[in-house]
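Participant: The following block contains the structure, expressed as structure tokens.
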Amino acid sequence: MAEQSPYILILYYSRNGQTAELATQIGRGVARVSGIEARIRTVPPVSPATEASLSAVPDSGAPYASKADLAECAGLALGSPTRFGNMAAPLKHFLDTTGDLWLSGTLSGKPAGAFTSTGSLHGGQESTLLTMMIPLLHHGMVLCGLPYTEKALGETETGGTPYGPSHWAGTGEQLPISEHEKSLCQALGERLARFALKLSA
């Protein structure tokens, strides 16, 4: 059996599709680097109804992530829309199941970054990215942001931070992802892929 290629896990939750589009753009950045692949996965919504259950495969979009997807990745891009300056509950719920990976140090030393989408321009992009990094630090992951050598970081009039890519979606009709936002997503994907290969060498 052939050995599995290393991959960057792009793990996200998306409510209206913007965070999912950011994940796709990050995957394009990973694809620029030979010898590593992108694996895009999402998490199911959570429900207050205790009898609610979901199928193992969503009706459309990326498959649901398993803990094995996380455990076996060479690097991680973690994405969520902002919820009061923090990640959305479904993604937090998934991370809360990873105590065994923390205990074993499975993710320690692997590169990780974060990405987000917000309805308002100053509605928590940076705080969401920073708070998403806290569980990654607990796992011993090596955080990867975006340097100001990325030209789009200094030119963007929408999303984009040194803490990771972001998108300003707007509170009415959803704004499309800008070219600067796409560029920064792709830059993060490429950086994670290159770091993953170096750290695993």
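Participant: Over 13 Å from the mean Cα position of the chain (by Cα), hydrophobic (A, V, I, L, M, F, W, C) and open to solvent by less than 40 Å² (accessible area, probe 1.4 Å) - does that describe any residue in region 130-137?
Facilitator: Checked region 130-137: no residue is over 13 Å from the mean Cα position of the chain (by Cα), hydrophobic (A, V, I, L, M, F, W, C) and open to solvent by less than 40 Å² (accessible area, probe 1.4 Å).
Participant: Return the pair list, or none, for Cβ contacts closer than 6 Å from residues in region 158-173 that are open to solvent by less than 10 Å² (accessible area, probe 1.4 Å) to residues that are among the hydroxyl-bearing types (Ser, Thr, Tyr), at least 6 apart or on different chains.
Facilitator: Gly159/Ser166; Ser166/Thr116; His167/Ser117; Ala169/Ser117
Residue-by-condition table, conditions (1) under 22 Å from Leu146 (Cβ atoms); (2) under 17 Å from the mean Cα position of the chain (by Cα); (3) modelled with pLDDT under 95; (4) among the β-branched types (Val, Ile, Thr):
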{"residue": "Val43", "(1), (2), (3), (4)": "no, yes, no, yes"}
{"residue": "Ser47", "(1), (2), (3), (4)": "no, no, yes, no"}
{"residue": "Pro63", "(1), (2), (3), (4)": "no, yes, yes, no"}
{"residue": "Ser120", "(1), (2), (3), (4)": "yes, no, yes, no"}
{"residue": "Thr128", "(1), (2), (3), (4)": "yes, yes, no, yes"}
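Participant: Do the conditions hold for Gly61, that is, is it closer than 24 Å to Leu184 by Cα, open to solvent by 40 Å² or more (accessible area, probe 1.4 Å) and part of a helix (DSSP H, G or I)?
Facilitator: Values: closer than 24 Å to Leu184 by Cα: yes; open to solvent by 40 Å² or more (accessible area, probe 1.4 Å): yes; part of a helix (DSSP H, G or I): no.
No, not satisfied.
Participant: When you go through Arg15, Arg39 one by one, which is the residue that is crowded, with 18+ Cβ neighbours inside 10 Å and either of a type in the set (D, E, K, R) or at pLDDT below 90 (or both)? Steps first, answer last, please.
Facilitator: Details: Arg15 fails: crowded, with 18+ Cβ neighbours inside 10 Å.
Step by step, each of Arg15, Arg39 is checked, and only Arg39 is crowded, with 18+ Cβ neighbours inside 10 Å and either of a type in the set (D, E, K, R) or at pLDDT below 90 (or both).
Participant: Does His122 satisfy the condition of being outside any helix (DSSP H, G or I), at negative phi and open to solvent by less than 10 Å² (accessible area, probe 1.4 Å)?
Facilitator: On the way: outside any helix (DSSP H, G or I): yes; at negative phi: yes; open to solvent by less than 10 Å² (accessible area, probe 1.4 Å): no.
Judged against the criteria, His122 is not a match.
Participant: Among the residues of region 140-155, is any touching a residue at least 24 places away in the same chain (Cβ under 8 Å), open to solvent by less than 40 Å² (accessible area, probe 1.4 Å) and under 17 Å from Tyr13 (Cα atoms)?
Facilitator: Checking region 140-155: not a single residue is touching a residue at least 24 places away in the same chain (Cβ under 8 Å), open to solvent by less than 40 Å² (accessible area, probe 1.4 Å) and under 17 Å from Tyr13 (Cα atoms).
Participant: Okay, next question. Filter region 83-114 for residues that are in contact (Cβ under 8 Å) with a residue 12 or more places away in the chain and hydroxyl-bearing (Ser, Thr, Tyr); which is least open to solvent (accessible area, probe 1.4 Å)?
Facilitator: Thr98
Participant: Out of Ser80, Ser117, which single residue is closer than 23 Å to Arg28 by Cα, in contact with a Pro (Cβ under 6 Å, 6 or more places away or on another chain), outside any loop (DSSP other than H, G, I, E, B) and in contact (Cβ under 8 Å) with a residue 12 or more places away in the chain? Don't jump to the end; show me each part of the working.
Facilitator: Values: Ser80 fails: in contact with a Pro (Cβ under 6 Å, 6 or more places away or on another chain).
Of Ser80, Ser117, the one residue that is closer than 23 Å to Arg28 by Cα, in contact with a Pro (Cβ under 6 Å, 6 or more places away or on another chain), outside any loop (DSSP other than H, G, I, E, B) and in contact (Cβ under 8 Å) with a residue 12 or more places away in the chain is Ser117.
Participant: Among the basic types (Lys, Arg) and either open to solvent by less than 20 Å² (accessible area, probe 1.4 Å) or touching a residue at least 12 places away in the same chain (Cβ under 8 Å) (or both): does that describe Lys198?
Facilitator: On the way: among the basic types (Lys, Arg): yes; either open to solvent by less than 20 Å² (accessible area, probe 1.4 Å) or touching a residue at least 12 places away in the same chain (Cβ under 8 Å) (or both): no.
No.
Participant: Any residue at all in region 145-154 that's of a type in the set (Ser, Thr, Tyr) and under 18 Å from Ala74 (Cβ atoms)? Spell out the reasoning first.
Facilitator: Start the filter on region 145-154 by keeping residues that are of a type in the set (Ser, Thr, Tyr), which leaves 148-149.
Now restrict to residues that are under 18 Å from Ala74 (Cβ atoms): none.
Within region 145-154, not a single residue is of a type in the set (Ser, Thr, Tyr) and under 18 Å from Ala74 (Cβ atoms).
Participant: Could you please give the count of residues in region 100-131 that are within 19 Å of Thr171 (Cα to Cα) and polar (S, T, N, Q)?
Facilitator: Counting residues in region 100-131 that are within 19 Å of Thr171 (Cα to Cα) and polar (S, T, N, Q) gives 7.
The values are calculated or read from the model by the stated rules, or taken from the named source; none is laboratory data. Computed from a prediction, not measured in an experiment: that's the story for all the values here. Every residue, glycine as well, gets a Cβ built from its backbone with ideal geometry; the counts of neighbours run over all protein chains shown. Surface areas here come from the heavy atoms of the whole protein model, side chains and all, with no ligands, DNA or RNA. Shrake-Rupley method; radii C 1.70, N 1.55, O 1.52, S 1.80 Å.
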